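Report on the following structure.
The values are calculated or read from the model by the stated rules, or taken from the named source; none is laboratory data. The model shown is predicted, which means the values in this text are computed figures rather than measured ones. Cβ placement follows ideal geometry from the backbone for every residue including glycine, while neighbour counts extend to all protein chains displayed.
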Amino acid sequence: MRIPAAAVLVMLAAAPGFAMQKSDAQRDKDRQVALDHYQKGRDAMTGERLEDAVAEFKAATSIDPLFSLAYFREGQAHMALKEYAQAEQAFVACRQSYENLAGLQLTNTEEAERRRDEEIQELENEIQQIASGQAKTSASANLSQQLQQRVSELRRNRRKGGNEAAAIPAELNVSLGSAYFRQGKMDLAEKEWRTAAGTNPKLGEAHNNLAALYLITQKLDEAEKEVDLAEKAGFHVNPRLKDDIKTARKSSSAK
């Protein structure tokens with residue numbers, strides 16, 4: 001994604017709380033405080049203190065409005081709290097922050113590289129937590145795989161010299177699609193999940209979610225196709241979803 005330099009300056013200047021005039025020392029201090037809030041939020045998520053997690057992630061982004069992972073984790077916390085409209089807002093803010101970071105790559109390569117390295121470090125910390133059992137989730141294997149894929153993408157970008165910003169993570173599209181789906185915004189959910197599958201065809205969760213959506217909308221051919229793609233990607237599709245698609249197919253044929 002290429003963004004004109006003039007547009008970059010406008011976006012960064014408009015980012016809430018982004019002070020261009022701050023000294024390097026002050027920016028480093030603010031970044032560390034934001035990281036501290038993020039890590040507290042991550043710990044709160046692990047301890048299922050979801051309201052505390054939301055507060056910590058919001059504190060992180062109020063200090064550092066380009067802290068993409070903090071927006072993303074806030075969205076996840078809202079999803080767990082079934083606060084889907086708030087989750088949508090957090091995920092949209094996350095996408096905007098990634099777009100702003102793409103612009104930063106053109107105007108301040110050193111800062112963009114530092115932020116990429118910090119994202120790699122935070123993602124690797126989470127992968128280690130999952131491996132050690134500290135971060136417990138019902139989909140640990142899938143989550144660890146997704147995190148590793150993101151780390152690999154960021155490292156590939158670094159090896160290329162960092163001339164291009166890494167693409168917006170497909171996992172963000174999946175999460176935003178889920179927030180839309182929970183609010184009954186089916187067209188928007190389908191668009192996000194399709195984008196995710198196009199960005200990363202190996203992301204089985206995107207195909208699985210599309211299969212569920214197509215079952216609801218009675219697009220059964222598409223549903224069966226997406227189940228196959230999800231399983232080829234190594235995603236464990238719930239047998240009930242496959243059974244429901246077969247039942248819907250029989251019911252449709254009987255009419």
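In this structure, is A90 small (G, A, S) and in contact with an Asp or Glu (Cβ under 7 Å, 6 or more places away or on another chain)? Yes; evaluated as a whole, the condition is true for this residue. Among the helices (runs of 4 or more DSSP H) confined to segment 177-255, the ones with at least 3 residues that are in contact (Cβ under 8 Å) with a residue 24 or more places away in the chain and of a type in the set (G, A, S) are located at 186-199, 204-216. Once segment 52-91 is narrowed to residues that are free of Cβ contacts under 8 Å to residues at least 40 places away in the same chain and not in a helix (DSSP H, G or I), the residue that is nearest to L147 (Cα to Cα) is F67. Per this entry, A70 is not counted among residues that are modelled with pLDDT under 90, of a type in the set (A, V, I, L, M, F, W, C) and either over 18 Å from the mean Cα position of the chain (by Cα) or closer than 25 Å to L104 by Cα (or both).
Here's the yes/no breakdown for (1) at pLDDT 65 or above; (2) farther than 20 Å from E110 by Cα; (3) among the hydrophobic types (A, V, I, L, M, F, W, C):
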position	(1), (2), (3)
T137	no, yes, no
Q148	yes, yes, no
R159	no, no, no
N163	no, no, no
A166	no, no, yes
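Take the conditions under 24 Å from the mean Cα position of the chain (by Cα), outside the structural domain of Q149 (by TED's automatic domain parsing) and small (G, A, S) and apply them to A230. Does it pass? Answer is yes for this residue. Only one of the listed residues (Q26, Q21, Q39) is surrounded by fewer than 20 Cβ atoms within 10 Å (Cβ to Cβ) and at pLDDT 85 or above. That residue is Q39.
S152 fulfils the conditions (1) at pLDDT below 95; (2) of a type in the set (G, A, S); (3) in a loop (DSSP other than H, G, I, E, B) except for a single criterion, (3). For segment 209-243, the candidate set comprises residues that are over 21 Å from D187 (Cβ atoms) and basic (K, R); within that set, the residue that is surrounded by the fewest Cβ atoms within 10 Å (Cβ to Cβ) is R240.
One residue stands out among those in segment 81-112 that are in contact with a helix residue (DSSP H, G or I) (Cβ under 7 Å, 6 or more places away or on another chain) and farther than 19 Å from N173 by Cβ: the one that is modelled with the lowest pLDDT, which is L106.
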